[in-house]
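As structure tokens, the structure follows; a few thoughts come after it.
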Amino acid sequence: MLVAVLWCITPNTVRAQSVVGPTAAYVEAPTGPVPATTARWRIDERVPRTIRVAFGPAPEGEDATDFWSEARHAIDDWSALPDLPLRFELVRTTDDPDVEFRWIDRFPVSQAGTTHRRLGADGFIDRVTVVLARFHADGTPMGREFRRLVALHEVGHVLGLPHSEHPGDVMHPGNRNLEISPRDLRSLRVLYEQPRSAK
């Protein structure tokens with residue numbers, strides 16, 4: 001079972017991201033504006049924000065391009081969405097990236113990936129680290145399709161999306177979808193189109 005856990009890291013607190021129920025867009029707030037506690041990248045309305053992404057070294061004996069191919073495909077899938085106010089640029093780990101992908105052999109619990117977001121003083125995302133497992137907790141290797149499912153979900157967290165309760169969404173904690181849902185897209189648009197409420 002895929003379990004993707006998002007931890008929002010702020011200077012004084014570490015808290016788990018909540019799961020939001022099935023509505024038209026799972027980041028909508030009843031009062032309109034997106035809550036200040038919902039993390040997102042600061043953007044300029046005139047031009048897309050460039051998010052610089054780096055992939056860490058592959059495990060010994062693995063080709064880096066092949067090893068990170070599912071994560072690269074996931075980035076391409078999100079980048080292909082219409083009117084996305086963000087764009088990804090691949091850089092080296094030495095170039096101080098905004099997002100870094102790392103790997104771990106396996107998590108001690110039934111978990112396949114995790115996204116750590118550091119927020120700046122203004123409440124916007126400042127830096128992200130994504131950690132993806134190579135093996136399930138029982139030691140069996142993860143297949144390519146499963147790794148793609150995990151990476152697609154985690155890149156959604158990189159963009160600022162929370163978990164969704166609906167199994168048809170990529171952002172469901174047990175994602176089984178290789179295509180980003182209309183609700184995922186609407187939620188992303190709501191996240192970046194609406195003003196932030198006061199802290």
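Could you tell me whether segment 129-136 includes any residue that is open to solvent by 20 Å² or more (accessible area, probe 1.4 Å), among the hydroxyl-bearing types (Ser, Thr, Tyr) and closer than 25 Å to residue 180 by Cβ?
Yes, that holds for at least one residue.
If the requirement is being in contact with a helix residue (DSSP H, G or I) (Cβ under 6 Å, 6 or more places away or on another chain) and either among the hydroxyl-bearing types (Ser, Thr, Tyr) or surrounded by fewer than 18 Cβ atoms within 10 Å (Cβ to Cβ) (or both), which of these qualifies: 115, 94, 140?
115
Which of the residues that make up segment 143-163 are open to solvent by 30 Å² or more (accessible area, probe 1.4 Å) and either touching a residue at least 24 places away in the same chain (Cβ under 8 Å) or among the polar types (S, T, N, Q) (or both)?
Answer for segment 143-163, where residues must be open to solvent by 30 Å² or more (accessible area, probe 1.4 Å) and either touching a residue at least 24 places away in the same chain (Cβ under 8 Å) or among the polar types (S, T, N, Q) (or both): 144, 145, 146, 147, 148.
Of the residues in segment 97-111, how many are more than 18 Å from residue 161 (Cα to Cα) and surrounded by 17 or more Cβ atoms within 10 Å (Cβ to Cβ)?
Of the residues in that region, 5 qualify.
Name the single residue that is nearest to residue 57 (Cα to Cα) among those in segment 88-139 being modelled with pLDDT under 95 and among the polar types (S, T, N, Q).
Applying the filter and picking the extreme gives 93.
Out of 122, 98, 105, 83, report the one residue that is among the acidic types (Asp, Glu) and within 14 Å of the chain's Cα centre (by Cα).
None of the others qualify; the one that does is 98.
When segment 44-68 is examined, which residues are found to be open to solvent by less than 80 Å² (accessible area, probe 1.4 Å) and without any contact (Cβ under 8 Å) to a residue 24 or more places away in the chain?
Once the filter is applied, which keeps residues that are open to solvent by less than 80 Å² (accessible area, probe 1.4 Å) and without any contact (Cβ under 8 Å) to a residue 24 or more places away in the chain, segment 44-68 yields 44, 62, 64, 66.
Quick check on residue 174: is it open to solvent by 10 Å² or more (accessible area, probe 1.4 Å) and either more than 20 Å from residue 42 (Cβ to Cβ) or over 13 Å from the mean Cα position of the chain (by Cα) (or both)?
yes
Using beta carbons and a limit of 6 Å, which pairs, at least six apart or on different chains, have the first residue in segment 101-122 and part of a loop (DSSP other than H, G, I, E, B) and the second one aromatic (Phe, Trp, Tyr)?
Going by the 6 Å Cβ cut-off, the qualifying pairs are 105/135; 106/135.
Show the residue pairs that are 6+ apart or on different chains and have beta-carbon atoms under 9 Å apart, the first residue being within segment 74-96 and within 22 Å of residue 169 (Cα to Cα) and part of a helix (DSSP H, G or I), the second being at pLDDT 95 or above and small (Gly, Ala, Ser).
Hits for this filter: 74/151; 74/156; 75/151; 78/156.
The values are calculated or read from the model by the stated rules, or taken from the named source; none is laboratory data. Predicted, not measured: the structure shown is a model, and the values here were computed from it. Methodologically, a virtual Cβ is constructed for each residue, glycine included, from the backbone with ideal geometry; neighbour enumeration extends over all protein chains shown. Accessible surface is based on the protein model in full, side chains and every heavy atom, while ligands, DNA and RNA are left aside. Shrake-Rupley method; radii C 1.70, N 1.55, O 1.52, S 1.80 Å.
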